[in-house]
Amino acid sequence: MNLLASFKQRLFRWQSDGSAAFRLTPRRIFILPTRAGIIFAITLAAMFTGAINYDLALGHALVFLLTGLGLIGMIHTFRNLFSLWIAPGKAKPVFAGELAHFPIELRNDRKIARLGLELQAPGNPSIGTQVAPDERSEVAIPVQALQRGWLTLPRVRLSTVYPLGLLYAWSYLQPDIRCLVYPTPISTPLPPEQPSSLSGERYGDGGQEDFAGFRNRQPADSLRHVAWKASARDVGQRPLLVKQFSGGAEQELQLDWKLTPESVSGETRLSILTGWVLAAAVSDVCYGLRLPGQEISPSRGDAHRSHCLEALALFTP
């Protein structure tokens, strides 16, 4: 087994680490006859035997014509992959149980189109594509994300049977692409909010606090906190304004590992926290995340949401 693994490693080794674009060279491309190609070859052999036995000149001509057609098809099948450029992309995060899509860009610097191309990761559906002359095409390779953490793109097979379907040419691609897989979210009620110890201002237009004036809106502030009437007076001349109130503290959520049920598994507790993060982000409240040995300060926005989800995806109990 070790000898076979060593042979495969030498056979399929790459000239680069897969993080940069690379081109398919002849030693990276393999070609074999398809089932139709084997039947075609057997038929030619039978026809050639009959032409010899019965001394048929037209039979010899037909056999040689079809043989030449098969050889030309073999050349075009090989050239459909030869010198094709492969460039890895960047995969977007997904949740466990979803399909991760790994983008791969195919670049064709020749004057003829690359037709009938297929890419497939082991155990996943194949994706068909083609690349026009002097153009590029991006293909997203689907891979099932079964568990949280980093998911590395497995070895991808790029193949073609173009143009006759008699021969099958393929090459193995190993681009360096990773996808971050978040825990599967579980929807449960959010824990109660608590007064913030970091902020002395409160957003809103009501309550018992006293109005303390306006301030310029920050990128983390929601649009529903904007004082539209005051902002309309100087529209286009200054940033949007947000009301400030004194005498109260902004409410915030602490999404704490200790608030999840202790009777469930660690992965289930992470899924509950993931559902809380998503719900808090939709509600546009200020929230923080506490995990054993790690704490993320309360904040808002897409960047904060991604930071919390990444911490949950990479958490090690």
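The values are calculated or read from the model by the stated rules, or taken from the named source; none is laboratory data. If you're wondering where the values come from, they're calculated on a predicted model, not measured in any experiment. Here the Cβ positions follow ideal geometry from the backbone for every residue, glycine too, while neighbour counts run over all protein chains shown.
Conditions (1) within 16 Å of residue 160 (Cβ to Cβ); (2) among the aromatic types (Phe, Trp, Tyr), marked per residue:
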position	(1), (2)
37	yes, no
40	no, yes
43	no, no
49	no, no
58	no, no
Hey, does the stretch 69-82 have a residue that's of a type outside the set (A, V, I, L, M, F, W, C) and surrounded by fewer than 16 Cβ atoms within 10 Å (Cβ to Cβ)? no
Checked 166, 151, 158, 146 against criteria (among the hydrophobic types (A, V, I, L, M, F, W, C), assigned by TED's automatic domain parsing to the domain that holds residue 69 and touching a Lys or Arg at 6+ places or on another chain (Cβ under 9 Å)); the one match is 151
With criteria (1) part of a strand (DSSP E or B); (2) surrounded by fewer than 17 Cβ atoms within 10 Å (Cβ to Cβ); (3) among the β-branched types (Val, Ile, Thr), residue 112 comes up short on (1)
Conditions (1) over 14 Å from residue 192 (Cα atoms); (2) in contact (Cβ under 8 Å) with a residue 12 or more places away in the chain; (3) of a type in the set (Val, Ile, Thr) -> residue 285 fails only (1)
**OP:** Say whether the condition of being assigned to a helix (DSSP H, G or I), modelled with pLDDT of 95 or more, surrounded by fewer than 11 Cβ atoms within 10 Å (Cβ to Cβ) and not charged (D, E, K, R) is met by at least one residue in the stretch 25-35.
**Re:** no
Scanning the stretch 58-92 for residues that are without any contact (Cβ under 8 Å) to a residue 40 or more places away in the chain and within 22 Å of residue 35 (Cβ to Cβ) gives 63, 66, 67, 68, 71, 72, 75
Can you find a residue that is over 12 Å from residue 190 (Cβ atoms) and of a type in the set (Val, Ile, Thr) anywhere in the stretch 276-291?
no
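Yes or no, residue by residue, for (1) modelled with pLDDT under 90; (2) part of a helix (DSSP H, G or I); (3) within 34 Å of the chain's Cα centre (by Cα):
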position: 20; (1), (2), (3): yes, no, yes
position: 43; (1), (2), (3): no, yes, no
position: 67; (1), (2), (3): no, yes, no
position: 72; (1), (2), (3): no, yes, no
position: 83; (1), (2), (3): no, no, yes
Checked the stretch 260-313 for anything of a type outside the set (S, T, N, Q), outside any strand (DSSP E or B), more than 27 Å from the chain's Cα centre (by Cα) and surrounded by fewer than 15 Cβ atoms within 10 Å (Cβ to Cβ); matches are 261, 262, 264, 292, 293
* Asked: Is there a residue in the stretch 93-104 that is crowded, with 17+ Cβ neighbours inside 10 Å and more than 24 Å from residue 154 (Cα to Cα)?
  -> no
Taking the stretch 106-147 and keeping residues in contact (Cβ under 8 Å) with a residue 40 or more places away in the chain and within 30 Å of residue 302 (Cα to Cα) leaves 138, 141, 142, 143, 144, 145, 146, 147
